[in-house]
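What follows is one structure encoded as structure tokens, with my remarks underneath.
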Amino acid sequence: MSKLLIFLTLIPLLPILTTSFSLENPSSRRVLVLLDDLALKSSHSVFFNSLQSRGFDLDFKLADDPKIGLHRYGQYLYDGLILFCPTTERFGGSIDLAAILEFVDSGHDLIIAADSNASDLIREIATESGVDFDEDPAALVIDHSSYAVSNTEGDHTLIASDEYIKSDVILGSKKIEAPVLFQGIGHSLNPSNSLVLKVLSASPSAYSSNPKSKLSNPPSLTGSAISLVSIVQARNNARILISGSLSMFSNRFFRSEVQKAGSPTKHEKSGNEQFLTELSKWVFHERGHLKAMNVRHHKAGEADEPTIYRVNDDLEYSVEIYEWSGASWEPYVADDVQVQFYMMSPYVLKNLSTDKKGSYFTAFKVPDVYGVFQFKVEYQRLGYTSLSLSKQIPVRPFKHNEYERFIPAAYPYYGAAFSMMTGFFIFTAVHLYSK
Amino acid sequence: MVKSTSKDAQALFQSLRSAYAATPTNLKIIDLYVVFSIFTALIQVVYMAIVGSFPFNSFLSGVLSCIGTAVLAVCLRIQVNKENKEFKDLPPERAFADFVLCNLVLHLVIMNFLG
């Protein structure tokens, strides 16, 4: 009896328990972490703890666990996927390359960390995301001028790089002071993919090669063309982070002190923690995720939205844009949001002014062209999810009784027409009586 | 080829005037009416060239009413001319009735198109 009672009280709670990531409230997200070795869980604990402290529910699994799966009964079990398994040739369970691509295609986020000796599977996932890892499996990024100084001379594969992408939304507004330590494989961006971006690139003196063998041929990847960490924001706003180094996420790199070769300053702590924490905030949509709502338009001086406009009407347009801050929707402030009044090409293109509380508005005159128009906002900025709003509205010409009736400029024509009529009368009279 | 002089032109106009003087009065009245319409049309074209073509429908109806009147008057002149053997069987009353009917239709259309 008591069991039944508990069951009955739990039923109304079910919808709450099963809510997952939604656009309205992208919090309390579940992330699947696939590892080569469960030891990574403790050796990379600082990174994982920072995710957990931000409300993510991490599910650690071995990559070859036969029970893992991304979805069940047609629903995704996770909102994000972290692949810290560079050497895995085959995933266990139902996960394979196609399943991961489908996961991203349905708008979920992905973090891939590769390393030297990365498996073909990881390379294929990266290739599908728009980056190509160096084909030599033993290759590492080597830099003889901007390596991280250590006690032993080493082979200069431990790189200290500070060539970040210049974007506050991707890396946070706080400047990253210390260089980021990187040890791993380099990749290049696919030039035909316009969605992939270099976040951390190698210095111009870097090259990618096997450090243990002599350099017989010129290396295939050199200089700033080598990307160390890249990001992708797909057209469905799914975000992907690709790193050529798994160890850059490790506690050892997070805590290590760093001095870039040739630089006198020695930093107590590398920039890895700040860099990767900020980047993971971006990847998991805690920053740079916009939503637009309350698109409104009406004639100047009226409040209701009309079903049709007339040419040369004065109208007002407003929209509200918010950015997800990780906990709540905050007003988004920018001065470059534009609205188009569009019929095959924009007839009106206007900047929207903002009240800094999320509301954007403008007023303009409907052009002297009738047809079916659209209000369009196409907002695509580096690091932000793209906004694409459109609202259709017809525009009609003047009705016949909306034209001016007596135009002063036309009085001579009126006069001519009437003089022709009187002329006709006089002529008629004269013609009839002149005989 | 004989060189033409101003005397020739004068002689030409003289002969034209003397020939026209023989025209019956009712045809002369029609000619006057045609000249009046053409002149009014020309004034409107000049006016349009100066102030621009803005109420274009008004301009068109003003000018076309003049042209139409002139054309109808010319038609009437052809039909009531005694010299013209082609319309020998057509009584001038019938020609005048046609002229009035056509003018009524013309001015109805012009009124609709004017405003």
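The values are calculated or read from the model by the stated rules, or taken from the named source; none is laboratory data. The model shown is predicted, which means the values in this text are computed figures rather than measured ones. Glycine also receives a Cβ, built like all others from the backbone with ideal geometry; neighbour counts cover every protein chain displayed. The area values use the complete protein model at the heavy-atom level, side chains included, leaving out ligands, DNA and RNA. Shrake-Rupley method; radii C 1.70, N 1.55, O 1.52, S 1.80 Å.
The modelled label-to-label distance for the pair residue B:2/residue A:166, using points 7 Å beyond Cα in the direction of Cβ, is 9.4 nm.
GNM remark for chain A: springs join alpha carbons under 10 Å apart, and the peak mean-square fluctuation among A:212, A:198, A:281 falls on A:212.
Here the dipole of the range A:22-283 is about 620 debye; that uses its Cα centre as origin and unit charges on the Cβ of Lys and Arg (positive) and Asp and Glu (negative).
Remark: the range B:25-114 carries 58 Å² of accessible area per residue (probe radius 1.4 Å; ligands, DNA and RNA excluded). Against the longest principal axis of chain B, how steep is helix B:6-21, in degrees 0 to 90 to the nearest 10, with axes from Cα atoms? Between helix and principal axis, roughly 70 degrees.
Going from the chain on its own to the full set of protein chains, the range A:364-410 has these residues losing 20 Å² or more of accessible surface (heavy atoms, 1.4 Å probe, no ligands, DNA or RNA): A:405, A:407, A:409. Projecting label points 7 angstrom from Cα along Cα→Cβ for residue B:43 and residue A:117 puts them 10.5 nm apart. With the helix formula -39500 (n - 2.57) applied to DSSP H stretches of n ≥ 4, the protein assembly as shown reaches a computed 222 nm mean residue ellipticity of -10500 deg cm²/dmol.
Heavy-atom accessible surface of chain A, averaged per residue, reaches 50 Å², computed with a 1.4 Å probe. The angle between the Cα long axis of helix A:411-433 and the longest principal axis of the Cα atoms of chain A comes to about 30 degrees, rounded to the nearest 10. Each Lys and Arg adds +1 at its Cβ and each Asp and Glu adds -1 at its Cβ; summed about the Cα centre, the protein assembly as shown shows a dipole of about 2420 debye. Between residue A:87 and residue A:212, the simple label model (points 7 Å from Cα in the Cβ direction) yields a spacing of 1.3 nm.
One Cα centroid belongs to the range B:18-32, the other to the range A:79-136; the line between them spans 103 Å.
The Rg/Rh ratio for chain A, using Cα coordinates for both the radius of gyration and the Kirkwood hydrodynamic radius, is 1.23. Using a 1.4 Å probe over protein heavy atoms, the accessible area lost on pairing B with A, summed over both chains, comes to approximately 2300 Å².
Taking a straight line from the alpha carbon of residue A:166, these lysines sit under 17 Å away, with near neighbours fewer than eight places off in the same chain left out: A:174, A:175, A:198, A:281.
Toward the positive end of the charge dipole of the protein assembly as shown, with +1 on the Cβ of Lys and Arg and -1 on the Cβ of Asp and Glu, the farthest Cα among A:188, B:10, A:410 is that of B:10. For the residues of A:190-202, the average number of beta carbons from a partner chain within 10 Å of their own beta carbon is 0.
Rolling a 1.4 Å probe over the protein heavy atoms of the range A:335-435, with every protein chain left in place, gives an accessible area that is 59 percent carbon and sulfur. For chain A, with a Gaussian network of springs between Cα atoms less than 10 Å apart, report the residue from A:42, A:419, A:390 with the top mean-square fluctuation. Highest fluctuation of the listed residues: A:419.
Across the accessible surface of the range A:22-283, with the other protein chains kept in place and a 1.4 Å probe, carbon and sulfur atoms take up 49 percent.
For the pair the range B:60-115 / the range A:338-404, the C-alpha centres are spaced 54 Å from each other.
At a threshold of 50 Å², the residues of the range B:41-79 that become less accessible to a 1.4 Å probe in the full protein assembly than in their chain on its own are B:47, B:55. Taking chain A as a Gaussian network, Cα atoms linked when under 10 Å apart, which of A:78, A:360, A:411 shows the biggest mean-square fluctuation? Ranking A:78, A:360, A:411 by mean-square fluctuation puts A:411 first.
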